[in-house]
1. In the set ASP17, ASP64, ASP103, which member is within 18 Å of GLU285 (Cβ to Cβ), at pLDDT 95 or above and surrounded by fewer than 16 Cβ atoms within 10 Å (Cβ to Cβ)?
2. Mind listing just one residue for me: the one in region 110-146 that is out of contact with any His (no Cβ under 9 Å at 6 or more places or on another chain) and assigned to a strand (DSSP E or B) and, of those, farthest from GLU71 (Cα to Cα)?
3. Specify the residue that is surrounded by the fewest Cβ atoms within 10 Å (Cβ to Cβ); the eligible residues are those in region 202-219 that are touching a residue at least 60 places away in the same chain (Cβ under 8 Å) and in a loop (DSSP other than H, G, I, E, B).
4. Of the residues in region 76-100, how many are surrounded by 17 or more Cβ atoms within 10 Å (Cβ to Cβ) and of a type in the set (Val, Ile, Thr)?
5. Looking at this structure, is SER155 among the small types (Gly, Ala, Ser), on the phi < 0 side of the Ramachandran plot and over 11 Å from the mean Cα position of the chain (by Cα)?
6. Inspect region 237-259 for any residue being among the β-branched types (Val, Ile, Thr) and assigned to a helix (DSSP H, G or I) and give the result as yes or no.
7. Is it the case that GLU122 is among the charged types (D, E, K, R), more than 21 Å from the chain's Cα centre (by Cα), under 30 Å from ALA299 (Cα atoms) and modelled with pLDDT of 95 or more?
8. Any residue at all in region 20-34 that's assigned to a loop (DSSP other than H, G, I, E, B), of a type in the set (S, T, N, Q) and within 19 Å of CYS147 (Cβ to Cβ)?
Amino acid sequence: MLIRAATAKTNAPRKYDHIRVAPLGGSMGAEISGVDARNLSEPVLAEIKAALADHLAVFILDQDLSVDEFEAFTLRFGQFGDDPFIEGMPDHPHVLHVRKEADEMAPVIFGGVWHSDWSFLETPPAYTLLHAKEIPPFGGDTIYANCYLAYETLSDEMRRVLESLFALHSAERGYGAQMKGIHSFVEHMKIKTGGDDSVRQRIHPLVRTHPVTKRKSIYVNPVYTVGIKGMDPEESAPILSFLNEHMRHENFTCRFRWKPGAIAMWDNRCCLHHPVSDYLGFRREMYRTTVAGEKPFLA
């Protein structure tokens, strides 16, 4: 595979006055320290948002939040997003309690493939947040891929073609009737399968413009993107296969090794993520929320 150099950035590295930001890699990702997530001042909040725009995924270290505090932290970035197939906690419907016990030997984990969260929605979530309460001594990393760079490293002609296309997104592969009994109960979450919502298709631009950064990125993923508008499956499959492989090229990725108390926060509009299932025999407990986004568009 030919990987061209991405468009060079002309801006100097951002200067932060209230937080410490340490990049994880050259493509994306950064760890943030010097933050008390319980008491975010407006200047600190603004700098976290800036770091998130620059690095696509950030990992805020050394936090120990209750569920109420984690909800309050999430709401500093926008309203809660929807989780259409999964029941939230009884007293916290917008929070998913993701838990795997040490004696659970099933290799299936929640979201254990490359994807962008809930791209099958009319307005997919802008951000996803995970707060680590207990993690394995090793394993269970999360890998991220920069979809800006995936777009920018394509040829001019390929970018022109892709910008004319619209992708079809559906929850059927993950939550259709055929999945009933396979993951109706994963990591102690109740998951609904089947019904009209699981087969409904949404149409989004295959290339979208980020509303904050104004950069363009590829917006497809291997789970929820099921075709291209106006094309037969035999025509769209090679295009989507190429893009799905191209987007996760190692030149575009970073890998986060979880630390106790870390809050991971990533932008679904411009990156993919993939949780690694390699921690059988260890307990893992996290809380998850999403922040509502907007309908994808290409400017």
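1. So the residue among ASP17, ASP64, ASP103 that is within 18 Å of GLU285 (Cβ to Cβ), at pLDDT 95 or above and surrounded by fewer than 16 Cβ atoms within 10 Å (Cβ to Cβ) is ASP64.
2. Here the answer is ASN146.
3. It comes out as LYS214.
4. Total satisfying the criteria: 2.
5. yes
6. Looking through region 237-259, at least one residue is among the β-branched types (Val, Ile, Thr) and assigned to a helix (DSSP H, G or I).
7. It is false that GLU122 is among the charged types (D, E, K, R), more than 21 Å from the chain's Cα centre (by Cα), under 30 Å from ALA299 (Cα atoms) and modelled with pLDDT of 95 or more.
8. yes
The values are calculated or read from the model by the stated rules, or taken from the named source; none is laboratory data. A quick note: this is a predicted structure, and the numbers were derived from the prediction, not measured. Positions of Cβ are backbone-derived with ideal geometry, glycine not excepted, and every protein chain shown enters the neighbour counts.
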